[in-house]
Amino acid sequence: MAISEDRLALFEEMREDELDSAALYRALAAASDGRRRDVLARLAVAEERHAWHWEKLLREAGITEFPAPKRTLRTKVLAAMASLFGADTVLPLVLRLEANDAARYREVAEATATMSSEEMAHGRAVAALAGEGKGEQIARSEGRHRATAGGALRAAVFGVNDGLVSNILLILGVAGGTSERSIILLAGLAGLLAGAFSMAAGEWVSVQSQRELYEREIAVEREELAAFPEEELDELILIYQAKGLSEDEANALAHRIMRRPETALDTLTREELGLGPGDLGSPWVAALSSFGSFAVGALIPVLPFLLGSGAAPLAIAIGLSAVTLFVVGSAIAVLTGRNPLRGGLRMVAIAAVVGLASHLIGRLIGEGVSV
């Protein structure tokens, strides 16, 4: 089947880009030593292998002459920077380029099935060389870092906060327009149910969509592992070398992992995609948790209207909400490593400002409707 001129031009462009990337990696290797030099040299070979794929397609289309590849200005500048200041100055920029290449391959039908995942693996190798990801490991090992701690507690605290703030603002707005307890109570209960169901539905869709995406990525990885075991083996070796193992150690470890298909799949998805087959969350658990935490928060300003009448319920609702907001703000501050007193007071102050605005706007609307 004849290939269009546009398609041939794309193949030539892809070939040139791969050779350009290979030249950049070789320049970075020349500016490095030891393990880093070996890894960068392997990355250059991998890019040249990709270039050969596009050259093969061009040859099959009848093209037999290929001009000497020209280095782009970007590669020349990055190579010069690496030579003058060291590879460390360039690796973060190369990491972004690899991410772009991985996305690009997914859009080109003639790319092999492994090219996109290989570029992702290259990105992880570059990230390991650049020291990316070490901060998270340090945060886990040092108790003073809170960024990765208390995931479930964090979600619950923020869910309660969302429910409380949204419903107290709704109640204050409605109370500004009417003093009828039944109307305020109806609005509060409606806000509780609408918000809780909305949060649950949104969380279910979000987690389910993410789960489906991850399952698809894992399925693709399983197919690649079955169809291209040698390429997947090379990716693992490259990643482990980038993490600090010698070539012999990386080879031995990668071969040992690849002898067990399920272990290999689990390892490859973790190393290439940053996830594991057993790490996918349940959308139903996420939805129910979101519903429950939001409902608990939203119920607090409604309770006084369920138990009392007159002007007292509104004052009690404001007081209960202020106390709860102080506790929530303090908890959020603790989770983020900040001063709990300041966090609690800040939360109350912000809620007071927007609550007053909601009440005044509700009063204006109520007066306008009654005219």
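Details
- Size descriptors for the range 283-340, from the alpha-carbon set: Rg then Dmax equal 14.5, 42 Å.
- Among the trypsin sites (Lys or Arg not before Pro) within the range 226-266, those in coil by DSSP and having at most 13 neighbouring Cβ atoms inside 10 Å are R259.
- Net charge over other residues, Cβ less than 12 angstrom from the Cβ of G177 (K, R count +1; D, E count -1): -1
- Estimated inter-spin distance, T112 and A61, nm [label 7 Å along Cα→Cβ]: 1.9 nm
- Cross-link partners for K70 among the aspartates and glutamates, with Cα-Cα distance under 16 Å and sequence neighbours closer than 8 places in the same chain left out: E12, E13, E16, D17, E18, D20, E47, E48, E55.
- Expressed as a fraction of 2.2 N^0.38 Å, the C-alpha radius of gyration for the range 174-287 is 1.83.
- Segments 159-167, 325-333 sorted - mean Cβ within 10 Å per residue, highest first: 159-167, 325-333
- For the pair the range 1-48 and the range 295-328, the centres of their Cα atoms are 64 angstrom apart.
Readers should treat all values here as calculations from the given coordinates under stated rules, not as data from a laboratory. Not measured: the values here are computed from a predicted model. Every residue, glycine among them, receives a Cβ derived from its backbone with ideal geometry; neighbour counts consider all protein chains shown.
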